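I have placed the structure first, in the form of structure tokens, so that the comments after it can refer back to it.
The values are calculated or read from the model by the stated rules, or taken from the named source; none is laboratory data. Keep in mind that what you see is a predicted model, and the values were worked out from it rather than measured. Using ideal geometry, Cβ is built from the backbone for each residue, glycine included, and neighbour counts are taken over all protein chains shown.
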Amino acid sequence: MEAFVVIALVGFVLLVAELLLPTGGALAAIGAAGLVAAGIVALDSNNPDADVIGAALITLGVLSAITFYFVTRKVIAAHRDQPVRTGSEELIGSSAEARSTIDPEGQVWAQGTVWGARLAEASSPVRLGDRVTVEAIDGLTLVVRAQPPSAEMSKEGAV
């Protein structure tokens, strides 16, 4: 087996590994450099197809580097501006359904779990089944405010 084939295979493996691992482009850069190196080695070999194979590997390596550069920049930019929100922090701003009357305390169903709820200041009482918006979290109690009825629901209620 020729040396350029081994180097090219290692380069391809590194490019595939970049797709599966969060390395920020490091493996892609090494893989693309490996393809270029395999192309240079192929050009120096005695293989009758060396000119075509070498040029193809160098072109593939350069195109891979350019592609991974732009894709990696976009991926990093998309994740950089997002604040980390996990667990109960995700609930703030979300919608929930009242599982009991909330006046001033009751229960809501939010993201697959029943939570204790308390009305936010200056919020009107909430009936069973009404939609609420989570405004804050106080320990294990959600501070909620009633959502105004949607246009579809008010049309149905008028019928």
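Only one entry in L60, L119, L128 is under 28 Å from E18 (Cβ atoms) and either among the hydrophobic types (A, V, I, L, M, F, W, C) or touching a Leu at 6+ places or on another chain (Cβ under 7 Å) (or both), namely L60.
In summary, W109 fulfils each of the numbered conditions (1) under 30 Å from G25 (Cα atoms); (2) among the hydrophobic types (A, V, I, L, M, F, W, C); (3) outside the structural domain of V13 (by TED's automatic domain parsing) with the single exception of condition (1).
Can you find a residue that is in a helix (DSSP H, G or I) and of a type outside the set (S, T, Y) anywhere in the stretch 100-117? Full working, then the answer.
Applying the first criterion (in a helix (DSSP H, G or I)) to the stretch 100-117 yields none.
The answer is no, given that none of the residues of the stretch 100-117 is in a helix (DSSP H, G or I) and of a type outside the set (S, T, Y).
L63 passes every criterion in (1) surrounded by 14 or more Cβ atoms within 10 Å (Cβ to Cβ); (2) modelled with pLDDT of 95 or more apart from (1).
Residues in the stretch 131-151 that are on the phi > 0 side of the Ramachandran plot and part of a strand (DSSP E or B): 0 in all.
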